[in-house]
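> Below is one structure. I have some questions about it.
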Amino acid sequence: MMAAQLLRQRGFLIGPGLGLAVVALAVLGPVLVGVDPDLPDYAHQLAAPGAEHWLGTDQSGRDQLARTLAGTRTSLLAVLIVFTLTTTIGLVVGSLAGYLGGIVDAAIGRVIDAMLGLPSQIIALAVVGALGVGSTNLVLAIVVSGWAYPARIARAAVLGSHQRLDVIAARMAGIGPARILVGHVLPGTLATVLVAATTTVGETVLTLAGLSFLGLGAQPPTAELGQMLADSQSALVSSPWLLVGPTTVIAATVVAAMLVSDALRDAIDPQPPHRTRHHRRSGTPATPMPDTDDSVAAVLRITDLTVTYPDGTHAVRAVTLSVAAGECVAVVGESGCGKSTLARAVLELLPAGTAIGGALAIDGVDLTTVSPPALRRMRGRTVGYVAQDPYAACDPLHSVAHHVAEPWRNHRQRPPRGEVSRRVSALDVDRAATRLTERPHHWSGGMLQRATIAAAGAHDPVLTIADEPTSALDAHLADDILTALRRSCRALLLVSHDLHLVARHSDRVIVMYAGRVVETGPTADILERPRHPYTRALIAATPQPGGAPLVSLPGTPPSLVGAPPAGCAFAARCADATDICHDREPVLAAGVACWNVATS
Amino acid sequence: MSTPSPPPIVTADEVTRAYATARGTVTAVHEVSLTVTPRQILGISGPSGSGKSTLLRLLAGIERPDTGTIHFAGQPAWTGRSRTARYPRPGYVMPIFQAPSASLNPRWPIWRSITEPLTAPGRDRQHPAQLRATAADWLDRARLGHVDPTIRPGDLSGGQCQRIAILRALVAQPALVIADEPTARQDVITAAAISELLTHAAAHGTGLVVVSHDTAWLDTFAHHTHRMTP
């Protein structure tokens, strides 16, 4: 699984390619060239590059290519030793400190802090000064200054594990500390420390070259990249080619190390991709919007939308819906039914490589024809977005006012004086003017969600999209928040799993299951006379005032990876399923997609 | 007492817990007394910051109260200056947390997480194949028979992870299960499945303490709900 993730990273392919090339140069190069790098030839001093000496010769007539390759080997070997020693020492010392805690941890922690507080090159200089020059002493010096960083990472990972939930559960189950350390803590710590250590490889290369340049490392006649640069100084003006070999190898090594460590970090800690507009569009591009009767007022029109993620998940399949001006349409269904994907498709926030079919139009503008800059301008102006967790939406380092003013800043404007606090107080936040200067964590979740609603409505967008806007908040706040949301926006696409909640605030409901619309209609009809068995199951699973026992639905939704299920996706969990349900997928007719409803 | 009855699973007597914060001392739990008996489902509700989670951690022996006492099966949980609670046996109390994906080891196949309590010292040593079979059996009982026991939590939905975490708690055959907002951010179908699993455990003798701000959901299965105020 990890290998597949690594392969998907484009940077990771360039990084190791470059890295392998440098390693190959160091290992095979001297053998292939077959010239003694230390053999002087005083007849050809400072010869220019040519057929015999591809990179020319130095002051002693030694072949510069052979010296570069030998120097690469010397330098890479030193880097490898430094990396192995610093990582091992750091891992052992840091893990011990974090695991033992108490006085041991306090003492080691102080040493680590002190080491990190001093410039590493100064420490290395001091060590070489004490031990004397030479490549072994230089490597030792860099290890002495370099172990503290991986040690700090390891210590933090092990210390933090005391609060990790899987560790607490293991402890309560009676698992001993040694087995918790080996089973739960060390594997993750090892990965984290290795990745952190790779980020310092580039710096190690530079430090080694820099100190060798000063004459502290390998001594002549041994070839070393930094020392070669130092040697070339005196003849630099007449023979600039002396620089080519060492600088190219140093630069390539540093770039390769950085790319590999970036890709490793992404693979260990996968973040959702930020890119947007690199989707493969398929299906029916740029077809004119079908003009149905309500087309005049529709601010959002989705026609036959199909979304397939890069891993092959058919998250949304042939969904058609529209939201009229002033209308609130709720999309409901359990986790994984495609409702959030639908919202992200409208916001054009799907990950790179996602295949999108069908058509999407906002306020009459076909999104397939909009350029990325124009799309950025549309966000916030034409479409507003309210996220699930207001604390995650706000920057903890800035005031709440900063967050609410962001939509203006995004369009290089400033909100009119008093506008931010006026808009927030309009959503029933007391003492808004003073409270807005506080940081998000001083606000309650309900109040902060009001502030993010004010931010979403900054440019009075024609359409607002809210993805589970209340599920991160206390239940009793949900009604008030949705009332405020409904009041502050023009048309609303509300994504939720809670049917009763949306019942009080939406005009129409769309029930989704396994990426498809299974039932749609006016809210009151859906709640009072649900026709699709899945809608009935959703209602039965929703707690009602009075507290009747909940009825849960057996099983989980089908996997949407690969080919879609042959029959009705809900058939496996449906008590009324018949043969046709397993064989043929029902189509949405008269607001419901169910064979049993259609035939009865 | 006139009739000899077994001691409650857990007894909290006037427990208080305060935290030092930048704005001064905050008393999260103030002199709370309660008991949990076998088969009992106790709900705890209240607004954010009312000390629900702290009370739960005190009842579970994860945190030590500043004053007051916690007893497990009649024995004091905290003695001397110990930094860890003393349980009558391993797995006596098992936790269910709010964040299902964080409560499972992401590097382990789920069968290993589910059966981890069975590998505690003092239990019979079992072969990994036996443990995998046990896990499959428990998955079946939780109506998750279609889930492959060898996959990792990253390939499961949050709702499925939460049910796996509940199975891990139940596999230990705990006297007490404490659940902290087990349905937060879960959809209604998953929430109903979770209350079904918990109700089933209680019917088999386990005591349950469930913290949730979703009182409507708690009322569908808790025998009594303790409301906390900030």
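None of the figures in this text is laboratory data; all of them are computed from the coordinates on show. Predicted model only: the values in this text are computed from it and were never measured. All Cβ positions, glycine included, derive from the backbone under ideal geometry; neighbour counts span all protein chains shown.
> P(r) of chain B in 10 Å steps, Cα pairs, percent per bin?
Computed distribution, short to long bins: 8, 31, 35, 21, 5, 0.
> A follow-up question, please. Counting Lys and Arg as +1 and Asp and Glu as -1, what is the net charge of the other residues whose Cβ lies under 11 Å from the Cβ of A:P543?
-3
> I've got another one for you. As a test of understanding, state the convex hull volume per residue of region B:100-172 from its alpha carbons, in Å³.
Cα convex hull per residue, to the nearest whole number: 80 Å³.
> Compute for region A:474-533: radius of gyration divided by Kirkwood radius, i.e. Rg/Rh, restricted to C-alpha atoms, rounded to two decimals.
Result for region A:474-533 is an Rg/Rh of 0.98.
> Order the peptides B:171-184, B:120-133, A:393-406, A:83-96 from the highest to the lowest mean number of other Cβ atoms within 10 Å of their residues.
B:171-184, A:83-96, A:393-406, B:120-133
> How much length is gained on full extension from A:D507 to A:A472, taking 0.36 nm per residue of separation minus their Cα-Cα distance?
10.3 nm
> Would you tally the net charge around A:A148, using a Cβ to Cβ cut-off of less than 12 Å, leaving A:A148 out, and scoring K and R as +1, D and E as -1?
Around A:A148, the surrounding residues sum to +2.
> If you don't mind, another one. Please list, short to long, the whole-number percent of alpha-carbon pairs of region A:297-393 in consecutive 5 angstrom bins beginning at zero.
3, 11, 22, 25, 22, 13, 3, 0
> Over its Cα atoms, what ratio of radius of gyration to 2.2 N^0.38 Å does region A:317-469 give?
The value comes to 1.10.
> Cα centroid distance between region B:46-76 and region A:437-487, in Å?
33
> If you take the beta carbon distance between A:V587 and A:L349 as r and set R0 to 30 Å, what does 1/(1 + (r/R0)^6) give as a FRET efficiency, to the nearest 0.05?
The value I calculate is 0.55.
> Could you give log10 I(q)/I(0) at q = 0.28 Å⁻¹ for region A:22-92, computed by the Debye formula over C-alpha point scatterers of equal weight, without solvent?
-1.14
> Suppose every Lys and Arg Cβ carries +1 and every Asp and Glu Cβ carries -1, with no other charges. What dipole size does region B:100-172 come out with about its Cα centre, to the nearest 20 debye?
100
> Let me ask you something else. Using the number of other C-beta atoms within 10 angstrom as an exposure proxy, rank A:I580, A:I175 with the fewest first.
Arranged by neighbour count, lowest to highest, A:I580, A:I175 become A:I580, A:I175.
> Can you give the mean number of other chain Cβ atoms that lie within 10 Å of the Cβ atoms in peptide A:548-561?
5
> If I require 24 Å or longer along the helix axis, counting alpha carbons, and a Kyte-Doolittle average no lower than 0.5, what helices from chain A are left? Use full DSSP H segments.
Span-like helices here: A:10-33, A:64-100, A:244-268.
> While we're on this one: How are the Cα pair distances of region A:396-536 distributed, in percent, across 5 Å bins from 0?
Over region A:396-536, the share of Cα pairs per 5 Å bin runs 2, 9, 19, 19, 18, 13, 8, 7, 5, 2, 0 percent.
> Using alpha carbon coordinates only, what is the Rg to Rh ratio of chain A, with Rh defined as the Kirkwood radius?
1.09
> With labels modelled as points extended 7 Å from the Cα through the Cβ direction, what inter-label distance (nm, one decimal) is found for B:T27 paired with A:L39?
8.9
> Using helices alone, what [θ] at 222 nm do you get for chain B, with -39,500 (n - 2.57) per DSSP H run of 4 or more residues, divided over all residues and rounded to the nearest 500?
-8500 deg cm²/dmol
> Between B:R152 and A:V561, what is the label-point separation in nm under the 7 Å Cα-to-beta-carbon projection?
1.3
> Regarding region A:3-152, what is the average projected area of its C-alpha convex hull, in nm²?
13.3
> For chain A, with the dipole built from +1 on Lys and Arg beta-carbon atoms and -1 on Asp and Glu ones, taken about the Cα centre, which of A:L538, A:G17, A:H53 lies farthest toward the positive end?
The one lying farthest along the dipole's positive direction is A:L538.
> Could you tell me the center-to-center distance, by alpha carbons, between region A:96-145 and region A:332-379 in angstrom?
52
> Could you order peptides A:556-564, B:102-110, A:115-123, A:346-354 by the average number of other Cβ atoms within 10 Å of their residues, highest first?
In descending order of packing, they fall as B:102-110, A:346-354, A:556-564, A:115-123.
> Against the longest alpha carbon principal axis of chain B, how many degrees, from 0 to 90 and to the nearest 10, is the axis of helix B:128-141 turned?
Rounded to the nearest ten degrees, it is 70.
> Ratio to report: Rg/Rh of region A:193-263, with Cα atoms as the point set and Rh obtained by the Kirkwood method; give two decimals.
Rg divided by Rh gives 1.06.
> Would you be so kind as to identify which of B:P106, B:I44, A:T204 lies farthest towards the positive end of the dipole of the protein assembly as shown, taking Lys and Arg as +1 and Asp and Glu as -1 on Cβ and the Cα centre as origin?
Working it through, the farthest residue towards the positive pole turns out to be B:I44.
> 222 nm [θ] for chain A, helices only, -39500 (n - 2.57) per DSSP H run of 4+, per residue, to 500?
So the calculated ellipticity at 222 nm is -14500 deg cm²/dmol.
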